[in-house]
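A.B. asks: One structure coming up, written as C-alpha cells, with questions to follow.
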Amino acid sequence: MICQECKQRPATMHFTKIVNGEKTEFHLCEQCAKEHGHMFMLYGNDDFPLNNLLAGLLNFQAPMKEVTANAFPNPDLLQCETCKMTYHQFTQIGRFGCADCYRTFARYLPPILKRLHSGNTAHSGKIPKRKGGVLHLRKQLALLKQKLQELVAREEFERAAEVRDQIRSLEDELRQRGEGEM
Amino acid sequence: MSFEKFFNTAVSSWMSQEGPDSDIVLSSRIRLARNIVDFRFPTLFNSEEAKQIVALFERTFAHRSYGGAGRFELLKMSELQPIEKRVLVEKHLISPHLAEDSPFGACLLSENEEISIMINEEDHIRIQCLFPGLQLAEALEAASGLDDWIEGHVNYAFDERLGYLTSCPTNVGTGLRASVMMHLPALVLTQQINRIIPAINQLGLVVRGTYGEGSEALGNIFQISNQLTLGKSEEDIVADLHTIVQQLIAQERAARQALVKTLGIQLEDKVFRSYGILANCRVIESKEAAQCLSDVRLGIDLGYIKNIPRNILNELMILTQPGFLQQYAGGALRPEERDVRRAALIRERLKMEERRKMEGDER
C-alpha cells in the first residue's frame, strides 16, 4: 500500500479516526505522518489526548454500580428530552448534546466530574453578568463573610465592623431582589 | 510574491513582538469555551441551527472592533481553500478540528490576530487570546473582557452549580484552558525534563511534547496547560500555571548556565553548526529544521549569535510547516519538494536578517 498523502513512499503508519460514528482511515508513510503528527500535537486541539480517553473513562464501572445501589432502572435508557441524546450515547461519544443534558443526567455526573476534575463538582469561577445580580451578590456576600472572619481573627475590629455593615446591606438587598428573581 | 512581502503578511503582528521572559516562553494562550442557550451543542445540532449561530455572530460582531485588537472579520470554513485553512491552523488561530471536521465552522479574527473566536467547533464558541511571552494574566483579562462584551449580546448556557456548560465534561465550569508554549532545550539536553514532566502532571497540569506525552518534543518546544476547569476560579487556575511556568523558567536558566560551564566551546560549536546547516542547506526535513532552529535560538539567548532576532524560532517553526510552504510556493507540494522549499525559505529568512543588519550598520 502506498502513502495516500505523497502517493510515492510505502505507507507504514495506519490510523483510524472516528468522528460522530463516522470512520475514516489514514495510510501514511513515516514522513507524511510526522508532518501530520507535528501539526496535530503542537498546534492541535487542546483536548486531543483527553477526549480520546474520555469515552473509555465514562464507561468505567463506578457510575454503574452507584446506579444499581440507587435502584434506578437502567441509565442507558435515560434520554434528554431536549436533544434526545441517551445516557448510553453520551458514554460512547463523551460529549453532551445540549445544555439540558447536564440536568437530565445529573444523578450520574458527580462521579464523572470528580474523576475529571480532581474531586471537584462545583463551579467557583466567573458568573455571567446577565444571569442576574443575585448570583453576583451571593458570591460577594460569601467573600465578605470570609473576609470578616479573617479580620476578627486578626483582631482588626474597626475594619471588621465596616465589613459587617456591608454584609448587612447586601443581605437586605438580596432579601428584596432575591425572592422574585430566583 | 517576493519573500519579504510573503514574510511580512505571514507573520502576525503579535508574533514579532517580544513579551516578558520571551527567552523561554514563546506564547501564552487563554481559551474560553461557551455555548448559547436554546441551541443544541455542535455534537448534535442540525445545519439550520449551525447556520443561525454563524449568522448571529456575523450580524453582531463582524466588522466591529474590540479594544486595541482591531476589527473582526468573519471567515467561513466552507469558503476557504484547504491551504488557507491549514495556514490558519499553523498560525494557531483555529484548531485542526474546526478546519477539517466542522462544515458549518467559522472564525471571527481580529485585525492583529491576537484574538480569534472559533464558531461551531466542539462548543458554539471558543474565545482565544494569544499573547507573546509569559502574559497569562493579561491574556485572561483580555479574554474575560471580550467574554463580557459577547455576553452583552447573547445568553450563555450557565448553571449556578456547574458553571459554564460545555459540550465535553472536561471543560465544564470555567471553560478555561490556559496554556504556555515553552522552549526548554537545556532541560532536554541535561535530561532533567524526564523527571520534571511527571511531577508537573501530578499537579493537575498537562505537558505535551510535539509527538504527544512522553515523546521527544520537536524543536524542544513544550506546551503546558491546566487540566481542571471545575472547582477553581479562573484567576487561581492561571496563577497556579504561572507559578509552575516561573519555576520551569528558573530551572531552564540554571540548566543553561550549567551547560555553558561544562560544555563551553562544544555548546558554541553545536549552535554554530546548526546555524551553518540552516544558512546553507538545500534540502531539510521538518525534524532537523526544528532541532537546528532550537539550537540557533539557544545560541541567540546565550549571546553567541547576535545578528538574528529572538523570535526567529517562533516564526520559522510556523512558516516551515506544510500549509505555509505551499502558500509560499503558490500550489500543492510533495513532501520531498517541501523539504527543498523549507530549506530555501529558511535561507531566505536568514539572508533577510543579514541584509537588515548590513543596512543598519551602514546607517
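A.B. asks: Determine which single condition B:Leu74 fails, assuming it passes every other condition in (1) away from chain A (no Cβ under 14 Å); (2) surrounded by 23 or more Cβ atoms within 10 Å (Cβ to Cβ); (3) modelled with pLDDT of 90 or more.
C.D. replies: Here B:Leu74 meets the rest and fails (2).
A.B. asks: If B:Arg31 satisfies all but one of (1) surrounded by fewer than 21 Cβ atoms within 10 Å (Cβ to Cβ); (2) out of contact with any His (no Cβ under 8 Å at 6 or more places or on another chain); (3) not in a helix (DSSP H, G or I), what's the number of the condition it fails?
C.D. replies: (1)
A.B. asks: Tell me, please, whether a residue that is touching a Leu at 6+ places or on another chain (Cβ under 7 Å) and touching a residue at least 40 places away in the same chain (Cβ under 8 Å) can be found in region B:47-56.
C.D. replies: no
A.B. asks: May I pose another question? Please note which helices (runs of 4 or more DSSP H) are completely contained in region B:263-363 and include at least 2 residues that are at pLDDT below 90 and under 19 Å from B:Glu4 (Cα atoms).
C.D. replies: Hits in region B:263-363: B:312-319, B:322-329, B:335-362.
A.B. asks: Go over the candidates B:Ser274, B:Ser225, B:Ser233 one by one and state the one that is free of Cβ contacts under 8 Å to residues at least 60 places away in the same chain and in contact with a strand residue (DSSP E or B) (Cβ under 7 Å, 6 or more places away or on another chain).
C.D. replies: Selected residue: B:Ser225, the only one of B:Ser274, B:Ser225, B:Ser233 that is free of Cβ contacts under 8 Å to residues at least 60 places away in the same chain and in contact with a strand residue (DSSP E or B) (Cβ under 7 Å, 6 or more places away or on another chain).
A.B. asks: Another question, if that's okay. Sort out which residues of region B:61-112 are closer than 21 Å to B:Ala50 by Cα and part of a strand (DSSP E or B), and write them in order of number.
C.D. replies: Result: B:Phe72, B:Glu73, B:Leu74, B:Leu75, B:Lys76, B:Ala106, B:Cys107, B:Leu108, B:Leu109.
A.B. asks: Applying the selection to region A:101-120, what residues are in contact with a Leu (Cβ under 8 Å, 6 or more places away or on another chain), in a loop (DSSP other than H, G, I, E, B) and more than 7 Å from chain B (Cβ to nearest Cβ)?
C.D. replies: A:Phe105
A.B. asks: Look through region B:77-99, keep the residues that are buried (at least 16 other Cβ atoms within 10 Å of the Cβ) and farther than 27 Å from B:Leu313 by Cα, and return whichever of them is nearest to the other protein chains (Cβ to nearest Cβ).
C.D. replies: Within region B:77-99, the match that is nearest to the other protein chains (Cβ to nearest Cβ) is B:Met77.
The values are calculated or read from the model by the stated rules, or taken from the named source; none is laboratory data. Small disclaimer: the values here were computed from a predicted structure and weren't measured. We place every Cβ from the backbone using ideal geometry, glycine too, and count neighbours over all the protein chains shown.
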